[in-house]
Amino acid sequence: MESTGKVRVYIACSLDGFIAGPKGELDWLEQSADKDDDKKSDTQVQAGAVTFEEMLSNTGCMLMGRTTYDTVVGFGPEMWAYGDIPVHVLTHRELPPSKHNAKAVSGSLQDAVQNALAAAKGKDVYVDGGSMIRQALDAGLVDDMIITMIPIVLGKGISLFAGASQRHPLEFYGNFKYNQTVQLHARPIRKQK
């Protein structure tokens with residue numbers, strides 16, 4: 001019997017909870033990465049922190065919305081970080097031709113998650129993009145979240161959790177230093193039935 005993967009979130013945000021600037025700018029992420037590159041000899045990844053590569057190695061399928069997909073593709077083909085991992089894009093529009101293993105999926109978020117779990121073949125599903133993350137959290141579909149806090153205050157922008165339809169109590173099960181950032185590991189607390 002094949003084990004079932006988990007639905008996971010792995011995302012970076014500013015200290016004040018933004019995942020992008022007001023116009024979707026992500027340059028502040030690059031500036032943080034540049035700081036880490038300048039301090040290679042000082043690299044500190046505390047045991048328990050999860051690198052992007054480690055997360056991808058446990059991922060069997062990705063699920064993102066169209067805005068996130070268009071943003072990632074807009075970085076250029078050399079910046080595609082997901083290799084051959086299947087990427088399901090929840091959208092009502094066709095995707096332009098691509099060399100990536102991406103396909104448009106439609107229907108409910110619950111169906112999209114179930115289809116992504118089937119495509120993941122026992123590995124995890126990585127949910128990406130602010131809107132998709134909020135919707136999955138609201139629907140009770142998220143098992144685990146790794147949020148990397150970048151040491152910058154943006155002041156305004158696209159919030160990671162603004163627009164959530166309800167409160168979501170979380171259990172923190174780890175916090176780790178990861179280069180010049182801090183990773184928070186949390187899982188939603190499920191209501192007992």
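The values are calculated or read from the model by the stated rules, or taken from the named source; none is laboratory data. Since this is a predicted model, take the numbers as computed values, not measurements. All Cβ positions, even for glycine, are placed from backbone atoms using ideal geometry, and neighbour counts span all protein chains on display.
Restricting to segment 158-192, give me the number of residues that are in a strand (DSSP E or B), touching a residue at least 40 places away in the same chain (Cβ under 8 Å) and of a type outside the set (A, V, I, L, M). Before the answer, list the steps.
Step one: of segment 158-192, the residues in a strand (DSSP E or B) are 158-159, 170-178, 181-188.
Filter once more, keeping what is touching a residue at least 40 places away in the same chain (Cβ under 8 Å): 158-159, 174, 176-178, 181, 183, 185-188.
Checking the rest, the ones that are also of a type outside the set (A, V, I, L, M) come to 159, 174, 176-178, 181, 183, 185, 187-188.
Final tally of qualifying residues: 10.
Leu137 versus (1) in a helix (DSSP H, G or I); (2) surrounded by fewer than 18 Cβ atoms within 10 Å (Cβ to Cβ): which is the lone unmet condition? The failed condition is (2). Residues that are of a type in the set (S, T, N, Q), in contact with a Pro (Cβ under 9 Å, 6 or more places away or on another chain) and more than 30 Å from Lys177 (Cβ to Cβ): does segment 66-85 have at least one? So far as segment 66-85 goes, no, none of its residues is of a type in the set (S, T, N, Q), in contact with a Pro (Cβ under 9 Å, 6 or more places away or on another chain) and more than 30 Å from Lys177 (Cβ to Cβ). Looking only at segment 180-193, how many residues end up being in contact with a Ser or Thr (Cβ under 6 Å, 6 or more places away or on another chain) and farther than 16 Å from Asp144 by Cβ? Matching residues across segment 180-193 total 1. Would you confirm whether or not segment 93-106 contains a residue that is among the acidic types (Asp, Glu), part of a strand (DSSP E or B) and either modelled with pLDDT of 95 or more or farther than 28 Å from Pro22 by Cβ (or both)? No, segment 93-106 has no match at all. Between Phe161, Phe172, Phe176, the distinction of being in contact with a strand residue (DSSP E or B) (Cβ under 6 Å, 6 or more places away or on another chain), at pLDDT below 95 and aromatic (Phe, Trp, Tyr) belongs to Phe176 only.
Note on segment 6-35: residues that are under 24 Å from Ala112 (Cβ atoms), part of a loop (DSSP other than H, G, I, E, B) and either at pLDDT 95 or above or of a type outside the set (Gly, Ala, Ser) (or both) total 1.
Does Ser131 satisfy the criteria of being within 26 Å of Pro22 (Cβ to Cβ), modelled with pLDDT under 95 and in contact with a helix residue (DSSP H, G or I) (Cβ under 6 Å, 6 or more places away or on another chain)?
So Ser131 does not fit the description; no.
Selection of segment 79-92 for residues being within 15 Å of Gly129 (Cβ to Cβ) and part of a loop (DSSP other than H, G, I, E, B) yields Ala81, Tyr82, Thr91. Restricting to segment 75-90, name every residue that is more than 18 Å from Glu53 (Cα to Cα) and at pLDDT 95 or above. Residues satisfying the conditions are His88, Val89, Leu90.
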